[in-house]
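Inspection log for the structure reproduced underneath, given as structure tokens.
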Amino acid sequence: MEPVEIEVKYHVLDAASLRRAIESLGAVDRGEVFESNIRYEDADNRLLRNRVLLRLRQDEKATLTYKSDASDQDPEYKVRRELEVTVSDFGTMHRILIALGFHREQVYEKRRRTYRLGDATLCLDAMPFGDFLEIEGEKPDIRRIVDRLNLDWDQRILTNYLKIFDIIRKDLDLGFTNVTFDNFRSVGPIDMRFYLEKLTAG
């Protein structure tokens with residue numbers, strides 16, 4: 001069986017209240033980290049055209065990730081094939097990827113607080129353009145957690161953060177492609193509710 005990632009996202013208006021709700025379910029707080037991610041591309045942009053993500057992430061450790069479309073798609077969930085490995089040195093791995101012909105295409109950041117609830121993982125993500133909840137696990141577990149948190153199933157988001165940013169970037173005609181907190185300081189608060197109609201599954 002191929003390794004797959006199954007998840008849904010929600011835009012969060014009140015992260016503190018949602019955090020209390022998650023903890024009230026008995027979820028175990030695994031702490032918060034700051035993530036810096038590099039998305040790689042080749043000279044012909046074949047990764048993007050083939051819906052492939054090649055990413056190197058630095059938080060408490062360095063992780064190399066490959067994502068592509070899974071063979072078993074489900075319109076109710078975001079389902080991606082995911083191959084991931086911890087590497088011993090972020091800088092050296094970056095140089096290896098460059099030597100193989102890839103280049104640094106985009107940088108993106110987030111602050112992530114992770115919870116475990118049974119076999120599911122819940123991530124409260126502070127992105128430069130807003131706050132989100134990711135719920136990852138088996139499909140029945142995801143649906144059960146959505147119901148227990150009183151979230152609207154039709155308001156779930158099935159796209160990734162970079163696609164969300166691309167929608168915002170085009171709408172606001174932003175002059176940058178790196179999704180960093182420094183870049184967004186000059187933009188000001190983003191009213192994500194304006195974009196939800198384009199993002200939600202309902």
| How many residues are part of a strand (DSSP E or B), among the acidic types (Asp, Glu) and over 17 Å from the mean Cα position of the chain (by Cα) if we restrict to segment 25-80? | 2
| field | Criterion (small (Gly, Ala, Ser) and modelled with pLDDT of 95 or more) met by exactly one of Gly137, Gly188 | value | Gly137
| note | When Glu134 is run through (1) free of Cβ contacts under 8 Å to residues at least 24 places away in the same chain; (2) among the charged types (D, E, K, R); (3) in contact with a Lys or Arg (Cβ under 9 Å, 6 or more places away or on another chain), the failure sits at (1)
| When residues of segment 165-183 are limited to those that are hydrophobic (A, V, I, L, M, F, W, C) and within 15 Å of Phe194 (Cβ to Cβ), the one nearest to the chain's Cα centre (by Cα) | Phe165
| request: Out of the residues in segment 76-134 that are buried (at least 19 other Cβ atoms within 10 Å of the Cβ) and among the small types (Gly, Ala, Ser), state the one that is nearest to Asp29 (Cα to Cα). | output: Ala120
| request: Please state which of the following conditions Thr159 fails to meet, knowing it meets all the rest: (1) outside any loop (DSSP other than H, G, I, E, B); (2) closer than 20 Å to Pro75 by Cβ. | output: (1)
| remark: From the option list Asp141, Asp147, Asp154, single residue qualifying as part of a helix (DSSP H, G or I), surrounded by fewer than 17 Cβ atoms within 10 Å (Cβ to Cβ) and touching a residue at least 12 places away in the same chain (Cβ under 8 Å) is Asp154
| query | What number goes with the only condition from (1) within 21 Å of Thr180 (Cβ to Cβ); (2) crowded, with 17+ Cβ neighbours inside 10 Å that Glu60 does not pass? | reply | (2)
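The values are calculated or read from the model by the stated rules, or taken from the named source; none is laboratory data. None of these values were measured; they are calculated from a predicted model. We place every Cβ from the backbone using ideal geometry, glycine too, and count neighbours over all the protein chains shown.
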